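In what follows, a single structure is set out as structure tokens and then discussed.
The values are calculated or read from the model by the stated rules, or taken from the named source; none is laboratory data. The shown structure was predicted, so the numbers you read here are calculated from the model rather than taken from an experiment. Note that we place each Cβ from the backbone using ideal geometry, even for glycine, and neighbour counts take in every protein chain shown. Ligands, DNA and RNA are stripped out before the accessible areas are found, and what is left, the full protein with its side chains, is counted by its heavy atoms. Shrake-Rupley method; radii C 1.70, N 1.55, O 1.52, S 1.80 Å.
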Amino acid sequence: MSEERELQWDDTIENDGQEYVTLPEGDYAFTVESFERGRHNGSEKLPACNKAIVRLRIDTPEGPAFISHQLFLHTKTEGLLSAFFSSLGLKKKGEPLRMNWNAVTGASGRAHITLDPDRNDPEKKYNHVKRFYPKDDGSKTWKAGNF
């Protein structure tokens, strides 16, 4: 394996890249590969605000699947931010949390993933995070039929 390096404009390239793995809808464990800070320019539904773009890796027998997910830093989406941090075990229900983005990379959680059609090409499908599940803290939780 050769070392990673910057390519020059006239370099020869050979690597065709990895095959994109599409997941069927379901619940999956994920690891946060990385996150980057960005800016949402505003839309009809949400005013301009900061956003975090997290890259999630889901390991499968066919190879890793990657999902890019945007988290908007606005009070309108505070519940979604709480769900994300809860899934990583960084936020406890009912308790305030100062978001620590440095703790996100490498953390793991669970999410429900859907397979949604592309807006511009309904034949194309892409994976999307529908919801994040809170991390099991090991405490006994209520289950149907158990009292």
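Overview of results
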quantity	calculated
Selection count, segment 32-44, where residues are touching a residue at least 12 places away in the same chain (Cβ under 8 Å) and open to solvent by 60 Å² or more (accessible area, probe 1.4 Å)	4
Tally, over segment 64-88, of residues that are among the small types (Gly, Ala, Ser), within 20 Å of residue 125 (Cβ to Cβ) and open to solvent by 20 Å² or more (accessible area, probe 1.4 Å)	1
Candidates 55, 110, filtered to the one that is surrounded by 13 or more Cβ atoms within 10 Å (Cβ to Cβ), touching a residue at least 60 places away in the same chain (Cβ under 8 Å) and among the basic types (Lys, Arg)	110
Residue in segment 103-113 that is modelled with pLDDT of 95 or more and farther than 24 Å from residue 126 by Cα present	yes
Residue match in segment 23-32 (condition: of a type in the set (Val, Ile, Thr), assigned to a loop (DSSP other than H, G, I, E, B) and out of contact with any Pro (no Cβ under 7 Å at 6 or more places or on another chain))	no
Wholly enclosed strands (runs of 3 or more DSSP E) of segment 53-143 bearing at least 1 residues small (Gly, Ala, Ser) and farther than 15 Å from residue 25 by Cα	63-73, 108-117
